[in-house]
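One structure is given here, and the rest of the page talks about it.
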Amino acid sequence: MGFFSTIFGFCGFGLGISIGLVAGYFLFIYVQSTDVQNPEIRPLVDQDTETLQRMLPEIPLWVKNPDYDRLDWLNKFLEYMWPYLDKAICKTAKEIAKPIIAEEIPKYKIESVEFETLTLGSLPPTFQGMKVYVTDEKELIMEPSIKWAGNPNVLVAVKAFGLKATVQVVDLQVFAAPRITLKPLVPSFPCFAQINVSLMDKPYVDFGLKLIGADLMSIPGLYRFVQELIKDQVANMYLWPKTLEVPIMDPAKAFNRPVGILHVKVLRAMKLKKKDLLGASDPYVKLKLTENNLPSHKTSVKLKNLNPEWNEEFNIVVKDPQSQALELLVYDWEKVGKHEKMGMNVVPLKDLPKDEPKVLTVDLLKNMDLNDAQNEKQRGQLEVELTYKPFKEEDMQKGFEETLTVQKAPEGTPPGGGLLVIVVHEAQDLEGKHHCNPSARLIFRGEERRTKPLKKSRDPRWAEDFQFMCEEPPINDKLHVEVVSTSSRMGLLHPKESLGYVQISLSDVVSNKRINQKYHLIDSKNGQIQIELQWRTAE
């Protein structure tokens, strides 16, 4: 004890230090300072910039800049969805990185590079605000401010020369101000064909890098070198005006433009079933592509024939050969009442060779439900020759340029609207029960127009155009066209007679600017009418 007492006494741990501690405690509790002043409270608007930055270092952009909008709803959405987004993003990142790594590692004599652990952590990025630009082009421009102080865990194992090393990325921080452009805007979901991403400033990136458990960023000079290297590399690739282009949709599909022509030759039908009371049928064939708003094509009617031969040819515009299919429907024509369906079948376009004719003999079914027992009954067969001819790249570009040559709408056209031009060219193979003095009647949005009547003509040629001014594009509207015959004599029992009609959806006209096509008339044996549609805008 004498030894320890001597040591503590030498270091000052004696009676004096004990008394000093007790006195200091009582002075701290019972003695108040007399020079303490009450704090001065001032409104934030009276504070200078430096004081505000010191008091509120993380002021959101929507507070400092009125051009930025708040995104609290998006941040709340990310907070709830982040556990699921984390897994989805990591899975996608692995799938993208795997072929790239497999292609690059042989250059450096590395055996393998694998992700042992890949997670973005529990902290989602935060959007400090977003600025949205409105332009005259068909595009949407957004500039969000993104800050992410995350806790990811990325562990990569590298094997080379029989040795294995693990590299770990932790404590990642990223501050970036990208410009995201969605263009062009199209009338097909998701309503844009491409995403362009560019950085408006060099990003701030900070992270920890561990090799075999040691923090590499603690090496003097390495931290700043890596920081500047990442900034320069990312800036060289994506700093505005350079962009990262991410295609979302095929341009032809996005703009809903044709990519080819399907040539259909309806050859014949065999062993059709009797539908009429007198023991025969009056068959005809309707053809239509799925996912297409255009009217059906129709063959002529073969009266009282169970093995008819048509050898009639049709050309149908194709927009997506991977998903579209040709519908073939055989009907029994009736003078009065509804035409009765005799059978049908479907031919997927993806099964057809390109630029080569293919003859198919298909069985006629009641419907396309494979589990329906009624499809086992024999309804006859239909023989067709199909040839799919895709457009060449230069032809598609030429066709696109031709659509751009449509005349502009006149001055005074409503903003966002346009001028719908309808040209009624001619009709063919019209038949009237009592007379045939045809004229074409057009009805669009309740407004009616007529061509001049032509006397005693089964193949009239009008070549008349009509114009409708629209305040908005007629995407959801239809044009009703009816061919009407009016008697030239007074006192007849049948002064007017309908020779057939057709309903034309106008959504494709808005997308393609111009369509010139023949349409088969409904309630007519063989009647057709050729109509040209144009959508003119002020742009």
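The values are calculated or read from the model by the stated rules, or taken from the named source; none is laboratory data. Predicted model only: the values in this text are computed from it and were never measured. Here the Cβ positions follow ideal geometry from the backbone for every residue, glycine too, while neighbour counts run over all protein chains shown. Accessible surface is based on the protein model in full, side chains and every heavy atom, while ligands, DNA and RNA are left aside. Shrake-Rupley method; radii C 1.70, N 1.55, O 1.52, S 1.80 Å.
The set of residues in the stretch 499-539 that are open to solvent by 20 Å² or more (accessible area, probe 1.4 Å), in a loop (DSSP other than H, G, I, E, B) and touching a residue at least 60 places away in the same chain (Cβ under 8 Å) comprises 513, 525, 526, 537, 538, 539. Within this structure, residue 488 passes the test of being over 30 Å from residue 411 (Cα atoms), of a type outside the set (Asp, Glu) and part of a loop (DSSP other than H, G, I, E, B). Restricting 432, 416 to residues that are at pLDDT below 90, farther than 21 Å from residue 522 by Cβ and outside the structural domain of residue 350 (by the TED database) narrows the list to 416. The set of residues in the stretch 84-101 being free of Cβ contacts under 8 Å to residues at least 24 places away in the same chain and more than 22 Å from residue 144 (Cβ to Cβ) consists of 87, 91, 95, 96, 97, 98, 99, 100, 101.
Taking the stretch 293-322 as the search range and keeping residues that are surrounded by fewer than 17 Cβ atoms within 10 Å (Cβ to Cβ) and under 15 Å from residue 390 (Cβ atoms), which one is nearest to the chain's Cα centre (by Cα)? Step by step, filter the stretch 293-322, then rank; the result is 322. Of all residues in the stretch 408-430, one or more are more than 35 Å from the chain's Cα centre (by Cα) and farther than 15 Å from residue 500 by Cβ.
Residue count for the stretch 287-324 satisfying the condition of being farther than 25 Å from residue 430 by Cβ and among the small types (Gly, Ala, Ser): 1. Of the residues in the stretch 406-413, not one is assigned by the TED database to the domain that holds residue 469, within 21 Å of residue 520 (Cβ to Cβ) and either of a type outside the set (Ser, Thr, Tyr) or open to solvent by less than 20 Å² (accessible area, probe 1.4 Å) (or both).
Per the listing 126, 117, 135, the residue uniquely of a type outside the set (A, V, I, L, M), surrounded by fewer than 16 Cβ atoms within 10 Å (Cβ to Cβ) and in contact with a strand residue (DSSP E or B) (Cβ under 6 Å, 6 or more places away or on another chain) is 117. Any residue at all in the stretch 497-509 that's modelled with pLDDT under 85 and assigned by the TED database to the domain that holds residue 412? Checked against the condition, which is being modelled with pLDDT under 85 and assigned by the TED database to the domain that holds residue 412, the stretch 497-509 yields at least one hit. For the stretch 414-433, the set of residues classified as farther than 24 Å from residue 474 by Cα and aliphatic (A, V, I, L, M) consists of 427, 430, listed by residue number.
Yes/no matrix, rows are residues, columns are (1) touching a residue at least 40 places away in the same chain (Cβ under 8 Å); (2) within 20 Å of residue 514 (Cα to Cα); (3) among the basic types (Lys, Arg):
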position	(1), (2), (3)
412	no, no, no
423	yes, yes, no
428	yes, no, no
431	yes, no, no
436	yes, no, no
444	no, yes, no
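Candidates 96, 110: the one that is at pLDDT below 85, assigned by the TED database to the domain that holds residue 160 and surrounded by 12 or more Cβ atoms within 10 Å (Cβ to Cβ) is 110. Restricting the stretch 323-339 to residues that are modelled with pLDDT under 85 and of a type in the set (D, E, K, R), the residue that is least open to solvent (accessible area, probe 1.4 Å) is 334.
May I ask you to verify whether residue 196 is of a type in the set (S, T, N, Q) and not in a strand (DSSP E or B)?
No: the conditions fail for residue 196.
Note on the stretch 68-126: residues that are among the small types (Gly, Ala, Ser) and under 23 Å from residue 178 (Cβ atoms) amount to 4.
Determine whether residue 422 is modelled with pLDDT of 90 or more, in the same structural domain as residue 510 (by the TED database), touching a Leu at 6+ places or on another chain (Cβ under 7 Å) and not in a helix (DSSP H, G or I). Judged against the criteria, residue 422 is a match.
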